[in-house]
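S.K.: Here it is, the structure, as structure tokens.
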């Protein structure tokens, strides 16, 4: 397994290793996760994936879900790196938001994967009444792509293949870091902006958006690390635009929803922020960039990360 930075990363790595090490070679299998234990009697044939990019892990293992999440920023509702893997099949696309138990049951699944979700125990039990349901082993919305691959590999009886995919993807990330030595020890802030809030959302080390950049040798800006120390149990927080002068970083990365970038870049307080002023700024406002860096997976990394890392390296080279 590759090196992860920080306590959150080490804990995630230990969970993934345990999942691979305890995976049986045949069915039935029992998978322990944060909400209980799920027993899968036979190799699943009709798989439903809930939440963010659960379908990526299934598709990477050569299976096609009968139902999966709809992504509204794409006309097809499907992430572009997944479309080639669907071949001629068209899964039912499930709307995000509240769980539609009737729609899920109508698909007659024999496995539900709800790993990158925020489901609670009551919701898990209700889903489990439809089909065996695997939740996260970490925490709500905290499962990274390694955890997704490990648990999905167990559930599909493909732990060896899942391990190989994780190792190959980590090798690619190390290669990207080696190809961009300017990144080492550069500080960064990964944020989000929504018009009207008057603040910049910032992500902490436990967030998957941040974790891969830490693993590639970058460091969180000291001001963000101080916020993490004050509130280590959350994925991020908001920083008022009026307080941005208390922070600085070599690189600022911000993802935007439709129309939000123009609003952000018109804000004088944000214009005056150090990395913005120096041009050490990586805006993510097209759907591919937004989703590839938010729903990181063994399929999105080779599809989009080479260009993403190129942009960060170009920003980092501008220095302070």
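The values are calculated or read from the model by the stated rules, or taken from the named source; none is laboratory data. On a predicted model such as this, the values are computed, not experimentally measured, just so you know. Cβ: placed from backbone, ideal geometry, glycine included. Neighbour counts: every protein chain shown.
S.K.: In the set 44, 109, 65, which member is without any contact (Cβ under 8 Å) to a residue 60 or more places away in the chain, surrounded by 21 or more Cβ atoms within 10 Å (Cβ to Cβ), assigned to a loop (DSSP other than H, G, I, E, B) and outside the structural domain of residue 301 (by TED's automatic domain parsing)?
M.R.: 65
S.K.: State all residues of segment 134-164 that are modelled with pLDDT of 95 or more, out of contact with any strand residue (DSSP E or B) (no Cβ under 7 Å at 6 or more places or on another chain) and within 19 Å of residue 52 (Cα to Cα); if no residue qualifies, say none.
M.R.: Result: 145, 146, 147, 148, 149, 150, 153, 156, 162.
S.K.: While we're on this one: What's the number of the condition residue 151 fails, among (1) touching a helix residue (DSSP H, G or I) at 6+ places or on another chain (Cβ under 7 Å); (2) not in a helix (DSSP H, G or I)?
M.R.: Exception for residue 151: condition (2).
S.K.: Restricting segment 270-305 to residues that are more than 20 Å from residue 202 (Cβ to Cβ) and out of contact with any helix residue (DSSP H, G or I) (no Cβ under 9 Å at 6 or more places or on another chain), which is surrounded by the most Cβ atoms within 10 Å (Cβ to Cβ)?
M.R.: 287
S.K.: Now for a different question. Cβ-Cβ below 6 Å, separation at least six or inter-chain, first residue in segment 190-215 and touching a residue at least 12 places away in the same chain (Cβ under 8 Å), second part of a helix (DSSP H, G or I) and surrounded by fewer than 18 Cβ atoms within 10 Å (Cβ to Cβ): which pairs?
M.R.: As it stands, the answer is 195/263, since those pairs meet every condition given.
S.K.: Then there is this: Considering only segment 78-107, state which residues are touching a strand residue (DSSP E or B) at 6+ places or on another chain (Cβ under 7 Å) and at pLDDT below 95.
M.R.: First pass over segment 78-107, keeping only residues touching a strand residue (DSSP E or B) at 6+ places or on another chain (Cβ under 7 Å): 91-94, 96, 100, 103-104, 107.
Once the filter is applied, which keeps residues that are touching a strand residue (DSSP E or B) at 6+ places or on another chain (Cβ under 7 Å) and at pLDDT below 95, segment 78-107 yields only 96.
S.K.: Here is a further query. Can you list residue pairs whose Cβ atoms sit under 6 Å apart, with the first residue in segment 155-174 being on the phi > 0 side of the Ramachandran plot and the second being surrounded by 15 or more Cβ atoms within 10 Å (Cβ to Cβ)? Count only pairs 6 or more apart in sequence or on different chains.
M.R.: Every condition considered, the pairs that remain are 157/43.
S.K.: Report whether or not residue 213 is buried (at least 21 other Cβ atoms within 10 Å of the Cβ) and closer than 19 Å to residue 307 by Cα.
M.R.: Working: buried (at least 21 other Cβ atoms within 10 Å of the Cβ): yes; closer than 19 Å to residue 307 by Cα: yes.
So residue 213 fits the description; yes.
S.K.: For segment 180-200: of the residues being part of a helix (DSSP H, G or I) and in contact with a helix residue (DSSP H, G or I) (Cβ under 8 Å, 6 or more places away or on another chain), which is surrounded by the fewest Cβ atoms within 10 Å (Cβ to Cβ)?
M.R.: Within segment 180-200, the first condition is being part of a helix (DSSP H, G or I), and the residues that meet it are 181-183.
Those still in the list that are in contact with a helix residue (DSSP H, G or I) (Cβ under 8 Å, 6 or more places away or on another chain) too: 182-183.
On the way: 182: 16, 183: 23.
Result: 182.
S.K.: Ok, one more. Going by what's in this entry, would residue 267 be described as free of Cβ contacts under 8 Å to residues at least 12 places away in the same chain and in contact with a helix residue (DSSP H, G or I) (Cβ under 8 Å, 6 or more places away or on another chain)? Full working, then the answer.
M.R.: Working: free of Cβ contacts under 8 Å to residues at least 12 places away in the same chain: no; in contact with a helix residue (DSSP H, G or I) (Cβ under 8 Å, 6 or more places away or on another chain): yes.
Spelling it out, it is not the case that residue 267 is free of Cβ contacts under 8 Å to residues at least 12 places away in the same chain and in contact with a helix residue (DSSP H, G or I) (Cβ under 8 Å, 6 or more places away or on another chain).
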